[in-house]
Amino acid sequence: MSRSRLGARLTPYLLVLPGWLWLVVFFVVPTFVMLSVSTQTGDIVSGFQQTFHWRTYVDGWNQYHTQFIRSIVYGLITTLLCLVIAYPVAYWIAFRGGAHKSSLLFLILLPFFVSFVIRTQSWNFILSDNGMLLSALKNWGLVSQDFHILATAPAVIGGLTYNFLPFMVLPIYVGLERLDPALLEAAADLYGSKTATFRKVVLPLSMPGVFAGVLLTFVPAAADYVNAAILGGARTTMIGNVIQTEYFTNLDYPKASALSFILMAALLLGVFAYARVLGTEDVLDVAAR
Amino acid sequence: MSTLISPQAGRQTTSRPDRAGRRPRRRWLLPLWSWLVIAWLASPIIVMIVFGFNDTTGKFNIRWQGFTLRWYRDLFTIPDLTQALENSLTIAVIVTVLATIMGTLLGVALGRYRFRGSGSINLLMFANIAAPEVVLGAALLSLFLTVGVPRGYWTIVIAQVMFSIAYVAVTVRARMAGLDPSLEEAARDLGAGPYATFFRVTLPSIMPGVLAGALLTCALSIDDFIITSFNAGNTVTFPLWVYGASRTGVPPQVNVMGTLIFMLGVLLALVGVVYNRRKV
């Protein structure tokens, strides 16, 4: 009897063990290893020694604060654009979608069936200086001959907005869809105008979805380097590009680790402060749908 | 409801256009906006599909030069690209199996049992999902560099399983939360052992969640660029190959492969929808 009780108490631990172990060994431990690497000194030829050289953080920040700030700014603009573009779409599908809700949602998710790199590459192709869009505009004389979009900030931000938009639509849609229609009727019965109903009923109740969407958009957008690499130029380099270059071109592992750590600390602190307001389960559950 | 509003109330508000009535004049604005967004989302996909049929001669597949099915016939004529696609597909299968098993077990435990430490596991998964990809990739690379593990096929598998487990777990946990515990109790009362209960009752009930998690993992795996590129060494996957080619010009075969993966994904998703409908 007591043996089976013990077995029952051990069951959840046995179930979580493999997944938990995998996450600890390949996610938690590496994070601490990265912290350790970031304070080492040396070079790739003679090897790196642990010297607790925290100055690398100061040097890294001094050298690359432009890219850091640019990444945060691009991330914020992208998030804002996604929010402005996605909210009406989510609203329309949730309240006017009728029987076609799932089909419309499916259309929003279509980009996910094409590789992220190919989608971005496809935009490079559409927007390139002699590409279909610009050569047409130039032929019609709508823009000057030397006009270009690639290698500018709008190209990178546009690419980011494009790539992360579905992450904003989905959680907002889920939030709106759960909203009880009776609440809207009640608002109308109480002579609430459409604007007032939206502002006082719909908008507050959709906030958890908006929060989740902001989270799911901002973090990957600020830390992305694919869009900046394919659509950007020398003046749109983001911190992700810097980290990638430090690892693979300069082979300066301590600096690359320090920069990664600053990025993670900045983003995770923001995220946890943000999630505290909501509770992590809510954010994750909305994110999972 | 507006029929209940007295005409007087309606008149009082004519100065405010949004209260003018049940049918505002700009009703088309919302659908128009939404369809524009959908068109925008679809445009690079359409371009990808169309230019897979382009009868291009040079290295650059930029200008439309006529229709051809040549690239579908010559799909596997670039050995590196074929190898990259093969790597992507086999890695996706291995990662999906591993991550789905571990993620499902995690999700079942978190959704069914209350146990000490479950909060910290939730937090761990949340951090894993919320952490930026560059950092996940860089951290794992730091580990492999420090321990001296050569990067390649299996480090890609390790990396992709690491970022997929939490997604599966969250999906399954949500499904478990909606499951009536009395079903399992009934099975036990009828003499089913823990394994029979799990495989005959619990697993079939959470199957839609498990399948959704598996599909998501498969999609994430085939698509992943950032984390994979950090831990790939000399092994090349499909997105890695395309990224490398983007500087010199992407051959039409990439468009064709992208199109085929797209079609397969859409098909699988539709099958999933039909399957779920049937169940309900």
Distance in nm between pseudo-label sites at B:N234 and B:A39 (7 Å out along the Cβ direction from Cα): 4.9
222 nm mean residue ellipticity, helices alone, for chain B (DSSP H n ≥ 4; -39,500 (n - 2.57); rounded to 500): -22500 deg cm²/dmol
Shielding by partners, peptide A:183-189 (average Cβ within 10 angstrom, other chains): 2
Using distinct alpha-carbon pairs, which all enter the 1/r mean, Kirkwood radius of the protein assembly as shown in Å: 25.8
In sequence order, calculated HN-Hα J values of region B:129-145 (Karplus, 6.51, -1.76, 1.60; Hz; x Gly/Pro): 6, 7, 5, x, 4, 4, 5, 4, x, 5, 5, 5, 4, 4, 4, 5, 5
Neighbour-count ranking [beta-carbon atoms within 10 angstrom, fewest first] of A:Y274, A:Y173: A:Y274, A:Y173
Rh by Kirkwood over Cα pairs, then Stokes-Einstein D for region B:79-279 at 1.567 mPa s and 4 °C, µm²/s: 70
For region A:93-168 versus region A:202-263, the gap between their alpha-carbon centres in whole angstrom: 20
Proxy reagent accessibility, fewest Cβ within 10 Å first, across A:M207, A:M238: A:M207, A:M238
Least to most buried among B:F76, A:F113 (fewest other Cβ within 10 Å first): B:F76, A:F113
Dimensionless Rg over Rh [region A:1-61; C-alpha; Kirkwood]: 1.37
Region B:79-279, relative contact order [Cα under 8 Å, separation at least 6], %: 37
Spin-label pair A:L269/B:W64, simplified geometry with 7 Å Cα→Cβ offset, distance in nm: 5.2
Chain A: calculated mean residue ellipticity at 222 nm from DSSP helix runs of at least 4, using -39500 (n - 2.57): -24000 deg cm²/dmol
Per-residue HN-Hα couplings for region A:135-141 [Karplus 6.51, -1.76, 1.60; θ = phi - 60°; Hz; x = Gly/Pro]: 5, 5, 4, 5, 4, 7, x
Separation in nanometres of the label points that stand 7 Å from Cα toward Cβ, at A:Q49 and A:K138: 5.7
Cα convex hull of region A:57-288, projected area averaged across orientations, nm²: 16.2
Percent RCO, i.e. relative contact order, over chain A, from Cα pairs under 8 Å lying at least 6 residues apart: 27
Rg/Rh (Cα only; Kirkwood hydrodynamic radius) as it applies to region A:152-289: 1.13
For region B:239-280: span of alpha carbons on each principal axis (Å, largest first): 50, 16, 8
Region A:151-199: projected area of the alpha-carbon convex hull, averaged over directions, in nm²: 4.6
Where Rh is the Kirkwood radius over Cα pairs, Rg/Rh for region B:198-280: 1.12
For chain B, built as a Gaussian network whose Cα springs stay under 10 Å, the top-fluctuating residue of B:Q160, B:Q83, B:Q65: B:Q65
Karplus-derived HN-Hα couplings along region B:199-209 (A = 6.51, B = -1.76, C = 1.60, θ = phi - 60°), whole Hz, x at Gly and Pro: 7, 8, 10, 5, 4, x, 6, 9, 3, x, x
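Computed from the coordinates by the stated procedures, all read-outs in this text should not be read as laboratory data. Remember, it's a predicted structure, so these values are computed and weren't measured experimentally. Reconstructed Cβ throughout: ideal geometry from the backbone, glycine too, with neighbour counts over all protein chains shown.
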